[in-house]
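> Okay, handing you the structure first.
The values are calculated or read from the model by the stated rules, or taken from the named source; none is laboratory data. Please read all numbers here as calculations on a predicted model, not as lab measurements. Neighbour counts run over all protein chains shown; Cβ positions are idealised from the backbone, glycine included. Surface areas here come from the heavy atoms of the whole protein model, side chains and all, with no ligands, DNA or RNA. Shrake-Rupley method; radii C 1.70, N 1.55, O 1.52, S 1.80 Å.
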Amino acid sequence: MTDDKDVLRDVWFGRIPTCFTLYQDEITEREAEPYYLLLPRVSYLTLVTDKVKKHFQKVMRQEDISEIWFEYEGTPLKWHYPIGLLFDLLAASSALPWNIIVHFKSFPEKDLLHCPSKDAIEAHFMSCIKEADALKHKSQVINEMQKKDHKQLWMGLQNDRFDQFWAINRKLMEYPAEENGFRYIPFRIYQMTTERPFIQKLFRPVAADGQLQTLGDLLREVCPSAVAPEDGGKKNQVMIHGIEPMLETPLQWLSEHLSYPDNFLHISIIPQPTD
Amino acid sequence: MAGSEGLSVLGAPAILWKLHIVRQLRQRDRTQKALFQELVPAYNHLLEKAELLATFSEKLQLEPSEATPAPHKGSWEEESRPDSAGVSSPATLKEKWQEEEEGLRLVCGEMAYQVVEKSAALSTQQLQLEERQDRLAALEARVVQLQEARAQQARQVEEQRVKNVAQRAAYEDLRVRTGDQEAALRRLQEEASYVLEGLVQLKARAATERNLRLERRERANQARVSQELKKAAKRTVSISDFKKRRGHSIGGVPEQRYQSIPVCVAARLPVQVQDVLDAHLSEVNAVCFGPNSSLLATGGADRLIHLWNVVGGRLEANQTLEGAGGSITSVDMDPSGSQVLAATYNQAAQLWKVGEAHSKETLSGHKDKVTAAKFKLTRHQAVTGSRDRTVKEWDLGRAYCSRTINVLSYCNDVVCGDHIIISGHNDQKIRFWDSRGPCCTQVIPVQSRVTSLSLSHDQLHLLSCSRDDTLKVIDLRVSNIRQVFRADGFKCGSDWTKAVFSPDRRYAVAGSWDGALYIWDVDTGKLESTLRGPHCAAVNAVAWCYSGSHMVSVDQGRKVALWH
């Protein structure tokens, strides 16, 4: 249906206006102007910030440059999270554009992983896809694909090519006709308040009586505190890709259409904005 | 996609969440993307331009800083010279020229860039133009092709029209020719019918001529014979042996009798029905065979007598004798086969000649319905029995009643022998009358009303059928009842049910009220056979032909059946 195709396109081409500012303690030869960029929600920070790096390296001396890293309001940004997830989790309620501080020194070893090259991002991306397919199809579909198909997925993401990516990804979204969905739904629920980085559990999209499970069913089962506020607590927002889907949305449909390119449903639970 | 299946399963309310998601995505894009989409690239573009200007300005600053040490050098070298001012002016000039050169080179570079751009644009435009021209050429070629095709089609249409016209002309010709042929055929057919008529007439004429010739020959023969007789008669015969002279014996003209009817030696027992017809419009009351066993007369309550020919096992209608005044009760044919006598309800008996449809004579005089009329064995005489308790003898030549016998009861049937008349009556008696004397010679009582009488061919046995469902065979020589026939299921259907002997007097046959024919063996008295089949109503009369090969039965259901 054209609606579903539109949803896929809107998800893929989602952008976040970002303003990159150099950390004031960095040593510069002259003043560095902030660099604005429309970041793709579905990509990864280190994949799309080459221009940023070049822009700021122009004003710095060569010997001061080590690995680039980003932070927002004091929180170092993990490059292996998709950009959209980082924004929804940390800055959803703040004013646009998203102000990210660029650092070249003092890489926080405890908080962030190193990203030596594009190959590291590729390896991380492909391993997420394989993990998702293991949950969905017991890895049958991903293992049937050839190496060039895996490469095509990565190239599609890297070059922002919607058709190239989905030509292969649609095979990962199919399920056998006798079932009504995937085996398990690949999802991760992120909440800033908990000490765990995320919640990931086995969850079937179709209940024992054949009913399709909804987003509400998933949250009630896996993270009940998100939906039912505790005593004195405020209500929480359930955000995916910057929108709040209705809790009656079927989980199978969400997994097919609102997953990130790594085939996972990254769900953010954030407190309701108080304004 | 698999998702669409899920949607169709859930139904209309499910679209709510999808619409919500679509709306939310669009709103997100509006607030987050759309606002900044043009702004960010424009900002970056300005940034680039600023950097470019910065680099240019840097370069320009470097140039003068390079240029200034040289003039310093020049002035130091040529300090002693008096024209140090002249030396500085070429340096400043050089500086200016270098600046100009720089500027010009920049402009040049820009121009070159523009030239390159423009030439690229031009080449693309030329490519487009060529492409369009190619397409145009192709379309023109196609147009030419189509026009050719059209011309060809038009030509074909013309050809077809011409062919059509030719075909129509040919068709017209054929039609005219068939009309002519049909007219010729009709003419030939008329001629043929004329010819046929002529032929028939010729044949008829030939037949009459042959008849005439035969007659002439006969007459000649007869004349010859009479001549010879006369000659022989003329010869006197001596009767001198006789002593007394006898008187002439007086004798009248001998009564003309019918020629002897062929006697049947053995009759065949009929077994199966050969033909069944609806003979009359109403009940069929009487049936009688002619002497030659192929002519049959049936009379019915519809006042008609039908003559039939027995041809090849089938009954063919020959003639219908009309003019009876009432229902026919009995039919008799004379031994010559040329006359038919019928007794009617109309208190009269009527005489027909075979071949004439209307009756020749009417014998009237009875005062009630005539139940039986039979030819006597002498020519031109008949006997009728009637319910007015009389039996009348008639002279047919003059159509008058020659004798009336008063019997004491209704007469149901009458048969004639050589000199006896036998009548069967309602008062359960059979009376015998001598045709020479007036009174009743004999009376034989039977158990019930007599419905019919039949005389055997040798005139020695009489078969009577009576209402107590019995048939009696009476030996006329000793006048006693020889046999009584009964059978299970045999019942007389009416007061005029007829039973007959077979021609060789071996069998007696009668029809029953249920449509079956019962045949008894006269000598043994046993029921020989029962014939069922064609009749659904009571059988009124039965007749056995003189050759013994066929038997006919008629019933109240208008049917006549031919048995073999």
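> Please verify whether A:Trp79 is more than 14 Å from every other protein chain (Cβ to nearest Cβ) and of a type in the set (A, V, I, L, M, F, W, C), treating the condition exactly as stated.
So A:Trp79 fits the description; yes.
> Looking only at segment B:399-427, which residues are among the hydroxyl-bearing types (Ser, Thr, Tyr) and in a strand (DSSP E or B)?
The answer is B:Tyr400, B:Ser402, B:Thr404, B:Ser423.
> Can you find a residue in segment A:14-25 that is away from chain B (no Cβ under 14 Å), within 25 Å of the chain's Cα centre (by Cα) and under 15 Å from A:Gly84 (Cα atoms)?
The answer is no; no qualifying residue exists.
> Let me ask another. Polar (S, T, N, Q) and farther than 30 Å from B:Ala50 by Cα, is that true of A:Ser66?
Taking the combined requirement at face value, the residue does not satisfy it.
> Then there's this: Could you check A:His55 against (1) within 11 Å of chain B (Cβ to nearest Cβ); (2) under 25 Å from the mean Cα position of the chain (by Cα); (3) not charged (D, E, K, R) and say which number it fails?
(2)
> Run down B:Asp368, B:Asp332, B:Asp388, B:Asp302 and say which single residue is closer than 22 Å to B:Val539 by Cα, assigned to a loop (DSSP other than H, G, I, E, B) and not basic (Lys, Arg).
B:Asp302
> Would segment A:160-177 turn up any residue that is open to solvent by less than 40 Å² (accessible area, probe 1.4 Å), of a type in the set (A, V, I, L, M, F, W, C) and touching a Cys at 6+ places or on another chain (Cβ under 6 Å)?
no
> Also, I was wondering about something else. Go through B:Gly489, B:Gly515 for me and flag whichever is surrounded by fewer than 23 Cβ atoms within 10 Å (Cβ to Cβ), over 40 Å from the mean Cα position of the chain (by Cα), in contact (Cβ under 8 Å) with a residue 24 or more places away in the chain and on the phi > 0 side of the Ramachandran plot.
B:Gly489
> If I go through segment A:119-151 residue by residue, how many of them are touching a residue at least 12 places away in the same chain (Cβ under 8 Å) and either part of a helix (DSSP H, G or I) or closer than 24 Å to A:Thr46 by Cβ (or both)?
18
> Which is part of a loop (DSSP other than H, G, I, E, B) and away from chain B (no Cβ under 12 Å), of A:Pro197, A:Pro176, A:Pro245?
That would be A:Pro197, the only listed residue that is part of a loop (DSSP other than H, G, I, E, B) and away from chain B (no Cβ under 12 Å).
> When you scan segment B:461-475, do you find a residue that is assigned to a loop (DSSP other than H, G, I, E, B) and basic (Lys, Arg), even just one?
Yes, there is a match, as at least one residue in segment B:461-475 is assigned to a loop (DSSP other than H, G, I, E, B) and basic (Lys, Arg).
> While we're here: Show the residue pairs that are 6+ apart or on different chains and have beta-carbon atoms under 8 Å apart, the first residue being within segment A:152-173 and without any contact (Cβ under 8 Å) to a residue 60 or more places away in the chain, the second being open to solvent by 60 Å² or more (accessible area, probe 1.4 Å) and not in a helix (DSSP H, G or I).
Within 8 Å, the pairs are A:Met155/A:Arg161; A:Arg170/B:Met1.
> Determine whether B:Ser529 is closer than 22 Å to B:Leu277 by Cα, touching a residue at least 60 places away in the same chain (Cβ under 8 Å) and surrounded by fewer than 21 Cβ atoms within 10 Å (Cβ to Cβ).
Criteria not met by B:Ser529.
> What pairs come out if I take residues in segment A:78-89 that are in contact (Cβ under 8 Å) with a residue 12 or more places away in the chain and pair them with residues that are in a helix (DSSP H, G or I) and open to solvent by 20 Å² or more (accessible area, probe 1.4 Å) whose C-beta lies under 7 Å away, six or more apart or interchain?
Note: pairs meeting the criteria are A:Trp79/A:Thr46; A:His80/A:His124.
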